[in-house]
Amino acid sequence: MLTALCIEELPELMSLLPTKPATGDLEPDKGADPTADAAKPSRSQIKREHLALQDLAEQLLALPCRLLEGLSLSEATWVAIHETARIKDQRALRRHYKRIANCLARENTEPLQALLAQREAQARAATARQHELERWRERLIDEGDAALAELIAAYPESDRQQLRSLVRAARRDADRGRPEAPRRLFRHLRELLGASAAKD
């Protein structure tokens, strides 16, 4: 009798138990951050960042050690830098760049990047000065007094008599295919423009 009663009441008793929701009906965790996955870097982004660090490692190794001493690099990075000199095989060197890149990943690379940017700016400025000197020399040889008057107006501190003498000699040697006087003119222009830049 008891067994029959329990069996008859079983559906009613089961209806009183809490039901487990279906997997598809589960509510999202309100504490979870929906942007967490989006904030994670993608595999391609990680690869780009590591390649950038390898490029930075190559640029670092091209710098004189005296410039690196002010960057507060870790001991592990310094050890890797000093080991570079003994590596001759190109494939081993590529692996070594990766090692230094891993070291740089744990460093503050902002001072290194600032140093590289400064050196690049200096190199661009030096190239621009070189081109300016070459343009002035070409104009002085090709145009003579007209270009000379313009140069003297731009650099009034220049020695006019010396410049005239150098320009005449350079034009004469250029006609004869001789490089000596044009080289002397170039050196004088370098000193003139360099002294003017130093004053500024």
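The numbers here are math on the coordinates, done by the rules we state, and not lab data. Quantities reported herein were computed from a predicted structural model and do not represent experimental measurements. Ideal geometry is used to build each Cβ from the backbone, glycine not excepted, and the neighbour counts take in all protein chains shown.
Quick rundown of the values:
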quantity: Principal axis box of the stretch 114-163, alpha-carbon based, largest edge first, Å; calculated: 44, 23, 15
quantity: Footprinting exposure proxy for Tyr97, Tyr155 (fewest neighbouring C-beta atoms within 10 Å first); calculated: Tyr155, Tyr97
quantity: Cβ-based charge dipole, the stretch 43-108, positive-most Cα from Leu61, Gln90, Asn108; calculated: Gln90
quantity: Relative contact order computed over the stretch 43-108 (Cα-Cα under 8 Å; 6+ residues apart), in percent; calculated: 52
quantity: Selected from His131, Gln118, Phe186, residue furthest toward positive end of dipole (the stretch 79-200; charges at beta carbon); calculated: Gln118
quantity: Rounded, prolate or oblate (a/c below 1.5 giving rounded, otherwise prolate when a/b exceeds b/c) for the stretch 43-108 by Cα gyration tensor; calculated: oblate
quantity: Electrostatic dipole magnitude of the stretch 94-200 [Cβ: Lys, Arg +1; Asp, Glu -1; Cα centre; debye, to 20]; calculated: 720
quantity: Compactness of the stretch 123-199 - radius of gyration and Dmax, Cα, Å; calculated: 12.0, 37
quantity: For the stretch 43-108, size of Cβ-based charge dipole, Lys and Arg +1, Asp and Glu -1, in debye; calculated: 400
